[in-house]
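> I have a structure I would like to understand better, so I am pasting it below and will then ask my questions one at a time.
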Amino acid sequence: MEYPFKKKLTPAEKKDIRNAVNVLKSTFSYLVQLTPAQRTSTQNVSDGRAPFVEKAHFYAEEYSHLFPGYLEHDDFRDCYDVFDFHRDTLRILDPLTEGIEDTLFVVGAQSFGYSRAFYRNVRAARKNGVKGTDTILDDLSKLFPGISRKKTDPGDEDQNDEGDGMGLPVPVV
């Protein structure tokens, strides 16, 4: 993969993506949201159990006279149809979700590299007496978890590296 990541989303692209997501959200308004306790107590039809469900559905259709009288066969048909559709839908969406997560990972790391480079420049500017840099440096230092300016600055953690880990050069200031 080439770094740095280069893609500018136009306002129209952002709007189209958000609209498409909103259409999905409104179309899937019936989705169930389980609590963690419900998730662990509900029987899970993993890929290992799916063939059992598929075969039982097939036989229930072929031999409907054997379907339990205390259950509604149409409910099973409807439930299985939703199960089958959502399983296929996940197969379509999983690569998309993974791509979004991977892109977020890359652009997040790259943005962090740009931020650290900016921080180092602000720190150098402060050392050279540039006014207003104390406020910026203090503010950014507070947002870098676990690091205080007394110990080390966020921009110092890779002073010996030749890059920022994402293909961005570390500027010499």
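> When residues of segment 121-148 are filtered for being under 29 Å from the mean Cα position of the chain (by Cα), part of a helix (DSSP H, G or I) and under 28 Å from K6 (Cβ atoms), how many remain? Give the steps one after another, and end with the answer.
Initial filter on segment 121-148 (under 29 Å from the mean Cα position of the chain (by Cα)): 139-147.
Checking which are part of a helix (DSSP H, G or I) leaves us with 139-142.
The next check asks that each one be under 28 Å from K6 (Cβ atoms); those that pass are 140.
Number satisfying all stated conditions: 1.
> I've got another one for you. Name the one entry in D134, D139 that is surrounded by fewer than 13 Cβ atoms within 10 Å (Cβ to Cβ), under 30 Å from K14 (Cβ atoms), modelled with pLDDT under 95 and not small (G, A, S).
Numbers: D134 fails: under 30 Å from K14 (Cβ atoms).
Going through D134, D139 in turn, just one is surrounded by fewer than 13 Cβ atoms within 10 Å (Cβ to Cβ), under 30 Å from K14 (Cβ atoms), modelled with pLDDT under 95 and not small (G, A, S): D139.
> Right, here's the next one. So which pairs qualify, if the first residue must be in segment 86-107 and under 30 Å from K8 (Cβ atoms), the second must be not basic (K, R), the Cβ gap must be under 6 Å, and the two must be at least 6 apart or on different chains?
If the second residue must be not basic (K, R), the pairs left are V106/F5; V107/F5.
> Also, quick follow-up: Go over the candidates D74, D88 one by one and state the one that is exposed (fewer than 10 other Cβ atoms within 10 Å of the Cβ) and of a type in the set (D, E).
Numbers: D88 fails: exposed (fewer than 10 other Cβ atoms within 10 Å of the Cβ).
When all the criteria are applied, what remains is D74.
> Which one is surrounded by the most Cβ atoms within 10 Å (Cβ to Cβ) among residues in segment 100-109 that are out of contact with any Phe, Trp or Tyr (no Cβ under 6 Å at 6 or more places or on another chain) and farther than 15 Å from V21 by Cα? Reasoning before the result, please.
Of the residues in segment 100-109, the ones out of contact with any Phe, Trp or Tyr (no Cβ under 6 Å at 6 or more places or on another chain) are 100-105, 108-109.
Adding the requirement that they be farther than 15 Å from V21 by Cα leaves 101-105, 108-109.
On the way: E101: 10, D102: 11, T103: 12, L104: 10, F105: 10, G108: 11, A109: 17.
Result: A109.
> A further question on this structure: Could you tell me whether any residue of segment 95-106 is more than 19 Å from V32 (Cα to Cα), of a type outside the set (A, V, I, L, M) and not in a helix (DSSP H, G or I)?
Within segment 95-106, none of the residues are more than 19 Å from V32 (Cα to Cα), of a type outside the set (A, V, I, L, M) and not in a helix (DSSP H, G or I).
> Pairs please, first residue from segment 127-143 and over 15 Å from A117 (Cα atoms), second anywhere and not in a loop (DSSP other than H, G, I, E, B), Cβ atoms under 8 Å, 6+ apart in sequence or on different chains.
Final answer for the pair search is D134/R126.
The values are calculated or read from the model by the stated rules, or taken from the named source; none is laboratory data. Worth saying up front: this structure is predicted, and the values here are computed from it rather than measured. Here Cβ is always computed from backbone atoms with ideal geometry, including for glycine, and neighbour counts include all displayed protein chains.
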